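Below is one structure, written out as structure tokens, with a few remarks after it.
The values are calculated or read from the model by the stated rules, or taken from the named source; none is laboratory data. Predicted model, so just to flag it, every value in this text is computed and none were measured. With ideal geometry, Cβ positions are generated from the backbone for all residues, glycine too; neighbour counts draw on all protein chains shown.
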Amino acid sequence: MLEEKIKELIIEKYGSVRQFALKIDIPYTTIDSILKRGIDNSNVSNVIKMCKALGLSVDKSIESNELISSLNFDNATMIAMINDVVHIPVLGKIPAGMPLEAIEDQYTVDTIDIPKDWLKGNNKYFALKLEGDSMEPDYLDKDIVIFKQANDCESGQDCCIRINGFDATFKRVRKQENGIMIIPLNENNSTGFISTFYSKEDIERMPIEILGIVKQIRRNK
């Protein structure tokens with residue numbers, strides 16, 4: 001049994017389950033539950049983290065059917081679970097005047113996994129859960145959109161924007177010689193937001209801030 005092998009390695013390498021729990025930053029009660037009840041329906045990321053810390057190859061466990069036959073992956077693909085991922089915040093809103101770092105503490109409604117490779121070059125990401133129909137048909141109500149943090153964009157990119165100190169909005173940005181157009185893809189949207197031109201002076205005065213550029217969309221089907 002894989003649970004027995006994990007416990008054997010924990011005692012051998014760390015002396016006790018409590019010491020192991022402190023070392024890999026997983027609650028003792030979580031590890032104890034996995035070892036006593038089995039890995040069936042356990043949090044997959046915790047099991048994989050435990051295996052890696054113990055030098056137990058996840059790939060070999062899969063090949064021998066010790067792990068794949070027991071874990072409940074909730075319809076996720078195995079390759080997605082094996083790849084290194086990081087968690088980023090899904091924000092409910094982005095209020096005026098607050099940096100994203102502070103907003104994450106107060107307005108995170110969930111988290112979502114992204115590939116660790118995306119962070120190369122010190123890139124940072126956040127996500128928003130969309131509400132409304134202003135960006136249909138490309139983006140739908142309840143979609144989760146992942147943004148790469150940026151304070152500028154290319155013309156035609158879809159961005160998270162903060163206008164006039166209000167909560168952030170999600171629109172297409174079209175650059176022009178003397179300013180930018182902020183464009184909803186659905187001009188008949190229920191909020192009444194229409195394509196609007198902002199001069200360079202408007203951008204400085206209001207202000208208008210680019211907070212992020214669309215990287216990926218996640219949609220529950």
Looking only at residues that are in contact with a Leu (Cβ under 9 Å, 6 or more places away or on another chain) and either at pLDDT below 80 or not in a helix (DSSP H, G or I) (or both) in the range 27-46, which one is surrounded by the most Cβ atoms within 10 Å (Cβ to Cβ)? Ile39
Yes/no for Asp117 being acidic (Asp, Glu), surrounded by 14 or more Cβ atoms within 10 Å (Cβ to Cβ) and at pLDDT 85 or above: no
For the range 131-141, check the following and say yes or no: at least one residue is part of a strand (DSSP E or B) and either in the same structural domain as Ser45 (by TED's automatic domain parsing) or buried (at least 19 other Cβ atoms within 10 Å of the Cβ) (or both). no
